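The values are calculated or read from the model by the stated rules, or taken from the named source; none is laboratory data. Owing to the predicted nature of the structure, the values given are computational and were not obtained by experimental measurement. Here the Cβ positions follow ideal geometry from the backbone for every residue, glycine too, while neighbour counts run over all protein chains shown. Ligands, DNA and RNA are excluded from the accessible area calculation, which covers all protein heavy atoms including side chains. Shrake-Rupley method; radii C 1.70, N 1.55, O 1.52, S 1.80 Å.
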Amino acid sequence: MNKAPFFEISKKLEGTLARTGVIHTPHGDIKTPAFIVGGTQATVKSLTNEQVTSLNGQSILVNAYHLMLRPGADTIELSGGIHKFMNYNGPIFSDSGGFQIFSLGMAYKKGIDITSHSEKGDIAQAVHSSTQLTKVTDDGVHFRSHLDGSSLYITPEISMDIQHQIGADIHMCFDELTSPLAGDKYIKSAMDRTHIWAERCLQRHNELNVDHSKKGDFLQSLYGVVQGARNESFRKESATFLGSKDFDGYGIGGVFEPEEISSTVRWVNEILPEAKPRHLLGMGSQPADLFLGIQYGIDTFDCVAPTRQARNGALYTYDGRINIKNSKYKNDFSSIDPECDCYSCRNYTKAYIHHLLRSDEILGLTLASIHNERFIVRTVDNIRDSINNKSFFEYKKIFLERYYSPLKAKIFLD
RNA sequence: GCGAAUGUAGCUCACUUGGUUAGAGCGCCGGGUUGUGGUUCCGGAGGUAGUGGGUUCAAUCCCCAUCAUUCGCC
């Protein structure tokens, strides 16, 4: 069972952990650094795959948790795999669903999740809500479907079975995410469990790949997922442990704030094997995330916020974020950003998109999503170019000082 | 012309057997969203209770007049 080279580094930026390169997958290459477009339920909300491709999206990330609930992994397997099911022939990542089970899944649509509670510092509530609807054992996790409340059980092996049935190119290990505000004792035990689960995932994954090989199907890849919250020694321990195992790449989970990137992500990436790609899970909704992540060694990002924010009217411009639903745009017939090359900016005005979103018209979601997704994808593409031509730091300074303010950008420029 | 019903926030309507600061939904103004929450979440502004009298310690509420709207009848 010989796999082609999975990741190749092209250029490294001296004095940083940044690099450019290529991830080779059975469904095409990904030039890195790259922003992986969020397509949780086997669709990038409001966009066709052609639109994703035309805004230069190189790859889509789907979510095993959502897909196992609906339509079910069996249906996707029966259809011929996720690429055929959703008619997307580019590289596809799948997330294990660990995050949903530990945060979203238990309190879906109730405004209660670990992130929001960590913002409020409401540890008791976060811990309470995280223990109410899920039960973690060393073997696996009992939890309830957010769709119908039915009881479900996932182990690392079941997660790999599901992900292989779905059939993406790159999978994530089933991990246990902890609140950054949880106690060290719990963070440590969850991390240790995540490590054992990672070994179990890897073993099952390799067995499943043998099956694929026998059938002549393409081989799938697996990333280990680093945890350890904000604790430096835990993060380093996690990176050391997982880095010694034969994963194809690594996901970094449990990072919530851009300020954590220059600490947490750096600790981890200084240890992880340089020759393997690193994916920052769930981060990348603002330029600072992208510049810092790449500077500290991230190769790929995924984040649903650009499209979610677009659907709610928050649009990126080089001069900062605007809310297109504000009344001041009612009669503004200029494009969202005069420097933007996206389909929406080339063809439509602020006033029109303002009207569509206020009227709850479906096209508004599409035009806004195209703009935001293009803005983020282009920014990562431009950062990649800036590494190749060694202008990274100049580009970063100019971009961030303009997007935020020179004062605010300062915390990201050290 | 006669009779009836209804007039409370921009709109549609509540509540009050008469008693602190008259509420809701929608709309309006603004903010949030990071391993997905389109139809969402969080704030905020906005009312001389049609108008004028009367009864009462106290009226959006009871009474009278008047105006407006709607329906019905001549």
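List every residue pair whose Cβ atoms lie under 6 Å apart, where the two residues are 6 or more positions apart in sequence or sit on different chains, the first residue falls within segment A:364-375 and is farther than 16 Å from residue A:304 by Cβ, and the second residue, located anywhere, is of a type in the set (Ser, Thr, Tyr) and surrounded by 24 or more Cβ atoms within 10 Å (Cβ to Cβ).
As it stands, the answer is A:367/A:344, since those pairs meet every condition given.
Among the residues of segment A:49-98, write down those that are at positive phi, surrounded by fewer than 24 Cβ atoms within 10 Å (Cβ to Cβ) and in contact (Cβ under 8 Å) with a residue 60 or more places away in the chain.
A:56, A:81
Which is at pLDDT below 90, within 16 Å of RNA strand B (Cβ to nearest atom) and open to solvent by 40 Å² or more (accessible area, probe 1.4 Å), of A:112, A:101?
A:112
Which of the residues that make up segment A:330-351 are buried (at least 19 other Cβ atoms within 10 Å of the Cβ) and either among the hydrophobic types (A, V, I, L, M, F, W, C) or not in a loop (DSSP other than H, G, I, E, B) (or both)?
Of everything in segment A:330-351, those that are buried (at least 19 other Cβ atoms within 10 Å of the Cβ) and either among the hydrophobic types (A, V, I, L, M, F, W, C) or not in a loop (DSSP other than H, G, I, E, B) (or both) turn out to be A:336, A:340, A:342, A:344, A:345, A:350.
Being of a type in the set (Lys, Arg) and either within 6 Å of RNA strand B (Cβ to nearest atom) or under 12 Å from residue A:365 (Cα atoms) (or both) is the filter here, so list the residues in segment A:304-321 that pass it.
A:308, A:311
I'd like the full set of residues that are out of contact with any Lys or Arg (no Cβ under 8 Å at 6 or more places or on another chain), open to solvent by 50 Å² or more (accessible area, probe 1.4 Å) and among the polar types (S, T, N, Q), limited to segment A:1-47.
Within segment A:1-47, A:2, A:43 qualify.
Are any residues in segment A:389-399 more than 10 Å from residue A:290 (Cβ to Cβ) and either within 24 Å of the chain's Cα centre (by Cα) or not in a helix (DSSP H, G or I) (or both), and if so, which ones?
Correct list: A:389, A:390, A:391, A:392, A:395.
Residue-by-condition table, conditions (1) farther than 22 Å from residue A:156 by Cα; (2) in contact with a His (Cβ under 7 Å, 6 or more places away or on another chain); (3) touching a residue at least 60 places away in the same chain (Cβ under 8 Å):
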| position | (1), (2), (3) |
| --- | --- |
| A:229 | no, no, no |
| A:232 | yes, no, no |
| A:241 | no, yes, no |
| A:257 | yes, no, no |
| A:273 | yes, no, no |
| A:279 | no, no, yes |
| A:284 | yes, no, yes |
| A:291 | yes, no, yes |
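Inside segment A:275-289, can you point out the residues that are near RNA strand B (Cβ under 7 Å from one of its atoms) and either within 8 Å of the chain's Cα centre (by Cα) or assigned to a strand (DSSP E or B) (or both)?
Result: A:281, A:282, A:283, A:284.
How do the pairs read when you match residues in segment A:136-153 that are among the polar types (S, T, N, Q) and part of a loop (DSSP other than H, G, I, E, B) with residues anywhere that are open to solvent by less than 40 Å² (accessible area, probe 1.4 Å) and at pLDDT below 90, using Cβ under 9 Å and keeping only pairs 6 or more apart or on different chains?
Close Cβ pairs (under 9 Å, with a partner that is open to solvent by less than 40 Å² (accessible area, probe 1.4 Å) and at pLDDT below 90) amount to A:145/A:105.
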